[in-house]
Amino acid sequence: MNVSGVKSLLNKSSFTKSDLIYLLSLTGDAKTALFEKAAEVKEQYVGRKVYFRGLIELSNICRKNCLYCGIRSGNSKVSRYNLDDEEVVETAKFAWQSKYASLAIQTGELNSNDFIERINNLLDKINKATNNELGITLSLGEQTEETYQEWFDKGAIRYLLRIESSNKDLYHKIHPNNLLHDYDTRLNCLKSLQRIGYQVGSGVMIGLPFQTLEHLAEDLLWMQEFDIDMVGMGPYVEHPDTPLFEYSNTLLPLQERLDLSLKMYALLRILMKDINIAAPTALQAIDPLGREKAIKVGANVIMPNITPGIYRNNYKLYENKPCVDDAADDCKSCLEARIQLTGDEIGFGEQGNSKHYYKKIR
Ligand code: 5AD
Ligand code: SF4
Ligand code: FES
């Protein structure tokens, strides 16, 4: 197909799996046409604005053992930490005072009553300290519907739980084979979150061992079919202290994983025009300008790391994690300069909730 053929394909109102496989393999001018189309759609449907979610990595203690993740419970090389509530509240205040308007709390997965209660208390404390003005995203793994409901009632409005891969076989290849790592459980959690009324985010890793373009095309269609409000997806970056590391020699080179990720953002923007798409930090582990490139092809959310500096180095899901030696203030000025380079504006003081979500509930 020539470039004008690709351009008319991109104007279709729905895409088949084989369309998407074809589009994921574009190179040269045809790939540029894809990126330009995604930029157009972004400008038209969500505007050229980037919203911030200050990211707090609450703890790296995790009960799970995902085969790709550097902080899996089986990795005894990690020194485990847990922020205390005062540190979290101070960090939340920093986000609020910096006009980030949104906060994302992420942690290894725990589900004890103490943990559930701790989050309830923290939500109260954060809301009190920030005049209820922060839009709070939780990313705290699989929980019961009752727990999700409690946190929602305490004021959390968004929840991010990646499906990792929408293909059940691939999901089970990258997770231990036990009930703690079950595809259907993950899917049911996502359904609970939707029922409760969260803005629901999901996403996948791109460039995993055993993953094909067909899997990624299915992932795009899955996200559309599940009708997610937001997405967090990014390149898989191997970590030496994990079981999947043994397949490193089968992976695409890092630059190609980045390139494939950019095509995934662009295609998802074209498929789901008004959702929020995050440019994850894992992009920057590959290319210093990785996140800026994602913003150019459809992403509209960035999550500046505001975890207190002394802990950042211990929350390493993958290698080459950026900003581990930086303080929250450094990330702030760094990001402002970076986003200016893309030509977009930062939505300071705006929560930047998913337009897609509001359209659905009307
Ligand atoms: N490379 C890229 N992303 C990873 N994650 C975990 N380990 C890795 C890795 N090695 C992602 C998963 C998880 C999120 C918190 O981080 O998608 O959902
Ligand atoms: Fe735990 Fe999440 Fe890492 Fe899995 S990906 S081991 S659940 S922190
Ligand atoms: Fe953290 Fe640039 S974004 S230092």
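For region 147-189, the candidate set comprises residues that are among the polar types (S, T, N, Q) and more than 30 Å from residue 246 (Cα to Cα); within that set, the residue that is nearest to the chain's Cα centre (by Cα) is 188. Just to be sure, is residue 320 among the polar types (S, T, N, Q), under 19 Å from the mean Cα position of the chain (by Cα), surrounded by fewer than 19 Cβ atoms within 10 Å (Cβ to Cβ) and away from ligand 2 (no atom under 16 Å from the Cβ)? Judged against the criteria, residue 320 is a match.
Scanning region 71-95 for residues that are over 13 Å from residue 315 (Cα atoms), of a type in the set (S, T, N, Q) and either touching a helix residue (DSSP H, G or I) at 6+ places or on another chain (Cβ under 9 Å) or within 16 Å of ligand 1 (Cβ to nearest atom) (or both) yields a single hit, 91. Summed over region 323-333, residues that are under 20 Å from the mean Cα position of the chain (by Cα), at negative phi and of a type outside the set (A, V, I, L, M) total 2.
Of all residues in region 164-202, those that are hydroxyl-bearing (Ser, Thr, Tyr) and under 25 Å from residue 237 (Cβ atoms) total 5.
In the set 8, 13, 79, which member is out of contact with any Phe, Trp or Tyr (no Cβ under 6 Å at 6 or more places or on another chain) and either under 30 Å from residue 185 (Cβ atoms) or touching a residue at least 60 places away in the same chain (Cβ under 8 Å) (or both)? Of the residues listed, the single one that is out of contact with any Phe, Trp or Tyr (no Cβ under 6 Å at 6 or more places or on another chain) and either under 30 Å from residue 185 (Cβ atoms) or touching a residue at least 60 places away in the same chain (Cβ under 8 Å) (or both) is 79.
Residue pairs whose Cβ atoms lie under 6 Å apart, separated by 6 or more positions or on different chains, with the first residue in region 105-120 and within 16 Å of ligand 1 (Cβ to nearest atom) and the second among the aliphatic types (A, V, I, L, M), are 105/56; 105/58; 105/138; 107/58; 107/140; 108/61; 108/71.
Looking at region 233-245, can you tell me whether even one residue there is within 16 Å of ligand 1 (Cβ to nearest atom), under 30 Å from residue 198 (Cα atoms), assigned to a helix (DSSP H, G or I) and in contact with a Gly (Cβ under 8 Å, 6 or more places away or on another chain)?
At the first step, the residues of region 233-245 found to be within 16 Å of ligand 1 (Cβ to nearest atom) are 233-245.
With the extra rule that they be under 30 Å from residue 198 (Cα atoms), the set shrinks to 233-237.
Filter once more, keeping what is assigned to a helix (DSSP H, G or I): none.
No, that holds for no residue.
Taking the criterion of being within 17 Å of residue 342 (Cα to Cα) and not polar (S, T, N, Q), would at least one residue in region 208-230 satisfy it? For region 208-230, residues within 17 Å of residue 342 (Cα to Cα) and not polar (S, T, N, Q): absent.
For every residue, the table says whether it meets (1) under 30 Å from residue 16 (Cα atoms); (2) in contact (Cβ under 8 Å) with a residue 24 or more places away in the chain.
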site: 271; (1), (2): yes, yes
site: 275; (1), (2): yes, yes
site: 283; (1), (2): yes, yes
site: 287; (1), (2): no, yes
site: 300; (1), (2): yes, yes
site: 303; (1), (2): no, yes
site: 317; (1), (2): no, yes
site: 320; (1), (2): no, yes
site: 325; (1), (2): no, no
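Suppose we keep only residues that are hydroxyl-bearing (Ser, Thr, Tyr) and touching a strand residue (DSSP E or B) at 6+ places or on another chain (Cβ under 7 Å) within region 88-124. Which one would you say is farthest from residue 278 (Cα to Cα)? Out of the qualifying residues, it is 91.
Out of 293, 332, 359, which single residue is modelled with pLDDT of 95 or more and farther than 17 Å from residue 106 by Cβ?
Numbers: 332 fails: modelled with pLDDT of 95 or more; 359 fails: modelled with pLDDT of 95 or more.
Only one candidate qualifies: 293.
Would region 97-106 turn up any residue that is at pLDDT 95 or above, of a type in the set (Ser, Thr, Tyr) and surrounded by fewer than 17 Cβ atoms within 10 Å (Cβ to Cβ)? So far as region 97-106 goes, no, none of its residues is at pLDDT 95 or above, of a type in the set (Ser, Thr, Tyr) and surrounded by fewer than 17 Cβ atoms within 10 Å (Cβ to Cβ). Of everything in region 297-317 that is within 16 Å of ligand 2 (Cβ to nearest atom) and of a type in the set (A, V, I, L, M, F, W, C), the residue that is modelled with the highest pLDDT is 303. I need the full set of residues from region 296-320 which are within 13 Å of ligand 3 (Cβ to nearest atom), more than 24 Å from residue 208 (Cβ to Cβ) and aliphatic (A, V, I, L, M), in order please. Hit for region 296-320 is 306, nothing else.
Could you check region 240-254 and list, in sequence order, the residues that are within 16 Å of ligand 2 (Cβ to nearest atom) and within 12 Å of residue 208 (Cα to Cα)? Before you say what the answer is, go through the steps one by one.
If we filter region 240-254 for residues that are within 16 Å of ligand 2 (Cβ to nearest atom), which is where we start, we get 240-245.
Of everything in region 240-254, those that are within 16 Å of ligand 2 (Cβ to nearest atom) and within 12 Å of residue 208 (Cα to Cα) turn out to be 244, 245.
Consider residue 269 carefully, then state whether it is within 16 Å of ligand 3 (Cβ to nearest atom) and of a type in the set (Lys, Arg).
Working: within 16 Å of ligand 3 (Cβ to nearest atom): no; of a type in the set (Lys, Arg): yes.
No; evaluated as a whole, the condition is false for this residue.
The values are calculated or read from the model by the stated rules, or taken from the named source; none is laboratory data. Keep in mind that what you see is a predicted model, and the values were worked out from it rather than measured. Neighbour counts run over all protein chains shown; Cβ positions are idealised from the backbone, glycine included.
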